[in-house]
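Notes to accompany the following structure.
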């Protein structure tokens, strides 16, 4: 199933890989910044006010636990962010 926003905006999808040294929250912020065309380091994207950092850390541990399939979705700055158990991070316009 394809994920698209109501405006027809194509989603941005990246793969979270724990062995690359970046935290899941960093991957989410960088992907959201890329979709918005802003610098992740200089722009407050509002992630911390939407999802507590420990929740994303918990998702990382659940991913490492094995065969369980899950999806965690939340909305931030007019975008829907999906994090899947396979490491997919998808950002699409919620409009």
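Is the shape of the stretch 12-93 rounded, prolate or oblate, going by the alpha carbon gyration tensor and its root eigenvalues a ≥ b ≥ c, with a/c under 1.5 for rounded and a/b larger than b/c for prolate? Show your work: numbers first, answer last.
On the way: a/c = 1.70, a/b = 1.60, b/c = 1.06.
Because a/c hits 1.5 or more and a/b exceeds b/c, the stretch 12-93 counts as prolate.
Cβ-Cβ distance of residue 12 and residue 67, R₀ of 25 Å, FRET efficiency by 1/(1 + (r/R0)^6): the value works out to about 0.40.
Residue separation of residue 95 and residue 44 scaled by 0.36 nm, minus their Cα-Cα distance, works out to 16.3 nm of gained length. At full extension, residue 19 and residue 78 could sit 18.2 nm farther apart than now, given 0.36 nm per residue minus the alpha carbon distance.
Which order, highest average first, do 18-30, 43-55 follow once you tally other Cβ atoms within 10 Å for each residue and take the mean per peptide?
Working: 18-30: 15.3, 43-55: 13.5.
Going from most to least packed, we get 18-30, 43-55.
Computed from the coordinates by the stated procedures, all read-outs in this text should not be read as laboratory data. The model shown is predicted, which means the values in this text are computed figures rather than measured ones. Here Cβ is always computed from backbone atoms with ideal geometry, including for glycine, and neighbour counts include all displayed protein chains.
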